[in-house]
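The values are calculated or read from the model by the stated rules, or taken from the named source; none is laboratory data. Quick caveat: nothing in here was measured; it's all calculated off a predicted structure. Note that each Cβ is placed from the backbone with ideal geometry, even for glycine, and that neighbours are counted across all protein chains shown. Only protein heavy atoms, including side chains, enter the accessible area calculation; ligands, DNA and RNA are left aside. Shrake-Rupley method; radii C 1.70, N 1.55, O 1.52, S 1.80 Å.
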Amino acid sequence: EACGLALGLISVVVILRGEYKVIEVLTKILAGILLISSLAVYFVSPAPLSELGHFFIGETPEGSWLVIAAFLGLLPTGIDVSLQASEWGKAKKVGMGRIRSLLEEKGIVNSFDPFRPNKEDLRVDTGALPPHALEYCRRWFHIGLWDFRIGHIVSFVIACIFLLLAAVWIYPSPVSGNAVIGEIGRVFSDSVGPSMMIVFVLGAFAATFSTAFNYFDGWPRVVGACC
């Protein structure tokens, strides 16, 4: 509880000071370390090739669809983050969130009143946009698509790697609760060496802290937009 409170206070202080950009860059670097270390551990001590065929067996025991749906549905993250991402885009003033107000000021698009919403006011005639604005929107749309695709691919690869590493190094160890993270860390130290535990802890902390940090920042934005 004390650690949770401390991390929460740190998150709030950083957000209020406007240092989100620093944390964003740092967590991306550390999450990258987690990805690279996971790949390194797997290729040093991979699952036996003779057993990989079992990974693709299309067998779904009764009740397992809930586990499969939860496993795939949370990759790369929950659907609620889509709402947060929209608010972050508006706050960062990038993409359409950057030029929408300018287009409204110039009368190119209708002003949107959230208290008297009209779907027609959200419509944008791309033929009326200046060429540079149209190109700007096109590029941001492609960036968003690539971000979406790469996020799903990388998340799926990491999930599969941890599933295979757990099958090789942990199964059938009867671990549960908080002991699970220790067992996952042991995969790194036992297969490659104790030094990899430090890398894993840094990357895992970055991944989990960035999630908590994003929720501290994202959910108030979503609630504020709804209000």
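From the list Arg123, Arg116, Arg98, which one is within 24 Å of Tyr215 (Cα to Cα) and open to solvent by 60 Å² or more (accessible area, probe 1.4 Å)?
Arg98
Would you please list the contacts, defined by Cβ atoms under 9 Å and residues six or more apart or on different chains, that run from a residue in region 1-27 that is open to solvent by 80 Å² or more (accessible area, probe 1.4 Å) to a residue that is of a type in the set (Phe, Trp, Tyr)?
That search, which allows pairs on different chains as well, returns Ile10/Phe209; Ile10/Phe213.
Every residue in region 71-95 that is at pLDDT below 75 and either outside any loop (DSSP other than H, G, I, E, B) or at positive phi (or both), please.
Residues satisfying the conditions are Phe71, Leu72, Gly73.
Quick check: is even one residue across region 156-177 within 30 Å of Arg17 (Cβ to Cβ), among the hydrophobic types (A, V, I, L, M, F, W, C), at pLDDT 75 or above and surrounded by fewer than 16 Cβ atoms within 10 Å (Cβ to Cβ)?
no
Pairs under 7 Å by beta carbon, first residue closer than 16 Å to Ser101 by Cα in region 118-133, partner aliphatic (A, V, I, L, M) and open to solvent by 70 Å² or more (accessible area, probe 1.4 Å), six or more apart or different chains?
Pairs that qualify, where the first residue is closer than 16 Å to Ser101 by Cα and the partner is aliphatic (A, V, I, L, M) and open to solvent by 70 Å² or more (accessible area, probe 1.4 Å), are Thr126/Leu134.
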